[in-house]
C-alpha cells in the first residue's frame, strides 16, 4: 500500500481511498480544504469524523460500515502519514521494507523505486544493482505532484 502525506493526498489529483480514524479524518479534511477542495455538496467544514473511510476524488466523500463497497471501489488505497519530515533509516532492512511496500527512497544523487518490477534509478532509468548497506545515506521519499510519482 502506498503511503502519502495528508497534503500529497489532497493535491495528488488521483482517485484515492483511505481508512481513517477520527483524528486522521480531521487531518485529511483540513488538508483537503487547505488545497481549496470541498465535500461533494460544496461545504468545506470538518464534519463526519466518525466515518471509517474517505474517498478523495474531485470532491471529498465518506463511507461507513460498508467494507465491501470500500474494497470494491477501484480507487487506489493509500495509508496516510504525517506531513512532518521523515527520519533516516536505522538499518538496511528498513530501507528494503520501505521500498518493497511500494515507496521510494532518495540519496543525494537520485531516487530509487520499483518500476515495472525492477529497482531502478528514477532519473536515469538504470537498474539499481546494489544493496542498501549505506542505509544512513538514504531517506524516505514521497513523490510530489509533478514528475514520476504514484500520482501520475
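The values are calculated or read from the model by the stated rules, or taken from the named source; none is laboratory data. Since we're looking at a predicted model, the values are computed, not measured. Here the Cβ positions follow ideal geometry from the backbone for every residue, glycine too, while neighbour counts run over all protein chains shown.
Some points to look at:
- Selection within segment 83-100 - modelled with pLDDT of 85 or more and touching a strand residue (DSSP E or B) at 6+ places or on another chain (Cβ under 7 Å): 95, 98, 99
- Among the residues of segment 1-35, those identified as closer than 21 Å to residue 65 by Cβ, part of a helix (DSSP H, G or I) and within 14 Å of the chain's Cα centre (by Cα) are 24, 28.
- Exactly one residue out of 68, 76 is modelled with pLDDT of 85 or more and in contact with a strand residue (DSSP E or B) (Cβ under 9 Å, 6 or more places away or on another chain): that is 76.
- Among residues of segment 39-51, those that are over 22 Å from residue 68 (Cβ atoms) and touching a strand residue (DSSP E or B) at 6+ places or on another chain (Cβ under 7 Å), counted: 1
- Test: residue in segment 68-76 that is outside the structural domain of residue 132 (by TED's automatic domain parsing), assigned to a helix (DSSP H, G or I) and closer than 24 Å to residue 132 by Cβ: no
- Residue 116 vs. criteria surrounded by fewer than 16 Cβ atoms within 10 Å (Cβ to Cβ) and not assigned by TED's automatic domain parsing to the domain that holds residue 19: yes
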